[in-house]
Each structure stands twice: as C-alpha cells, then as structure tokens.
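Report on the following structure.
The values are calculated or read from the model by the stated rules, or taken from the named source; none is laboratory data. As the structure is a computational prediction, the values presented were derived from the model and not from experiment. Cβ placement follows ideal geometry from the backbone for every residue including glycine, while neighbour counts extend to all protein chains displayed. With ligands, DNA and RNA removed, areas are computed over all heavy atoms of the protein, side chains included. Shrake-Rupley method; radii C 1.70, N 1.55, O 1.52, S 1.80 Å.
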Amino acid sequence: SFHKQTEANDVNTEGFVAGSFKNTDYIINATNDETGQKEDGPIRIAGVWKDGVWTSLGIGTLQLENLTSFEHGSQAFSISEDGKTVGGCLNDGTYDVIPCTWTKNDDGTWTYNEYSFPTPSTQGAKIEALSGDGKIASGWVTSENGGRMPIIWTSPTDYTIIGQDEYEFPDGVA
C-alpha cells in the first residue's frame, strides 16, 4: 500500500538523509495493489530528511496527470557530504528512469538537474552515488539488450560507461 513507502538510502555526517516518502502534495488516482481498488493517494517523492522533517525535492519534469501508479515519481539514493547535492532518478511509469540530481540553492530551495545517458536504452539510467562534493555521480544505465552497465557522470552531459553490458558475452578469448 502507499502508506508504507518511506526509504532512507544515504546519510552524510551532518545527519541529512536522502530517500523518498509519500508526499500528500502529489495525489493521483490509481489502483491500490493490496485492495485492487482505485483510490486517491500520494506518489513517491525524493526528499531530504533532517530532524524529523522531510523536504520534498519534487518531480522534476514529470507531469502528475501522466502518472498511473503510486510507485511513480522521484527517488533519492545519495547525498553529497556537503549536503548540497542529492542524486537519484525520476520514474515516469514507462519503464524509463531518468537520472538526475537536485542542487541546494543559497535560499534553501532545490534545483532539478536532468542527466544525459546513451541511447538506445531499454530502461534509462539511475544515479546511485555521489562524490563528497557532489560533482561526480555514478550509477547504472541499461543497454539495448536490457543489461545494466556501470556509468560515471562528471557533469549532467558528460559520462563514461566503465563496464560491459552484463548480458553481452565476449566472442572469444585470445
């Protein structure tokens, strides 16, 4: 059910936690997996938790009216040591996940940053870890075969794939 969907995925030494929670500011009508009934409920939203309070990072470029499951929305998987960058992804429900970060502004608001990845990709890409200063991100990208490959981003537009597709096999050994 959508009532049990809070996650804590990373923490820095200041006690800021990156994760996701069900945010009642983002309500859709979808099927409850437990009851099979359509009902209104909150989607998953990336957030930063500190001292008992979640701060929403929003849903980036997603359109609320296009989301069809309580599992859609945004997720945060990592937070930089300086607490100014959070890494994660958007999930639009088309089996594509969109890698992104949110950067904290001086006024305390957060800015969404979409990251590029190679295409074709069958399921998109996800940021799972950040460097201490938030300038380098790592995660995975799916290949056209559906396998996941490790990827490193040095900016939202610059990336390097650092491994082979887990579903590709070498033709031979020399």
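Restricting attention to segment 139-165, which residues are among the charged types (D, E, K, R) and open to solvent by 20 Å² or more (accessible area, probe 1.4 Å)?
If the condition is that a residue be among the charged types (D, E, K, R) and open to solvent by 20 Å² or more (accessible area, probe 1.4 Å), then Glu144, Arg148, Asp158 are the ones that fit.
Looking only at segment 37-56, filter to residues that are among the aliphatic types (A, V, I, L, M) and open to solvent by less than 20 Å² (accessible area, probe 1.4 Å); which one of those is nearest to Glu14 (Cα to Cα)?
The residue in question is Val48.
So, Thr103, is that one open to solvent by 20 Å² or more (accessible area, probe 1.4 Å), among the polar types (S, T, N, Q) and in contact (Cβ under 8 Å) with a residue 24 or more places away in the chain or not?
yes
Between a first residue in segment 59-71 that is open to solvent by 30 Å² or more (accessible area, probe 1.4 Å) and a second residue that is modelled with pLDDT of 95 or more, which pairs have beta carbons less than 8 Å apart while being 6 or more apart in sequence or on different chains?
What qualifies is Gly60/Ser74; Gly60/Leu90; Gly60/Cys100; Gly60/Tyr112; Gly60/Glu114; Thr61/Leu90; Thr61/Tyr112; Thr61/Glu114.
So which residues in segment 117-137 are hydroxyl-bearing (Ser, Thr, Tyr) and open to solvent by less than 40 Å² (accessible area, probe 1.4 Å), if there are any at all?
Result: Ser121, Ser131.
Phe77 is checked against (1) part of a loop (DSSP other than H, G, I, E, B); (2) within 16 Å of Trp102 (Cα to Cα); (3) touching a Gly at 6+ places or on another chain (Cβ under 6 Å) and fails just one. What number does that condition carry?
Status for Phe77: all satisfied but (1).
Quick check on my filter: what residues within segment 87-100 are surrounded by 14 or more Cβ atoms within 10 Å (Cβ to Cβ) and either touching a helix residue (DSSP H, G or I) at 6+ places or on another chain (Cβ under 6 Å) or not polar (S, T, N, Q) (or both)?
Gly87, Gly88, Cys89, Leu90, Asp92, Gly93, Asp96, Val97, Ile98, Pro99, Cys100
Condition test on Ala76, is it more than 18 Å from the chain's Cα centre (by Cα) and open to solvent by less than 10 Å² (accessible area, probe 1.4 Å)? Walk me through how you get there before you give the answer.
On the way: more than 18 Å from the chain's Cα centre (by Cα): no; open to solvent by less than 10 Å² (accessible area, probe 1.4 Å): yes.
No.
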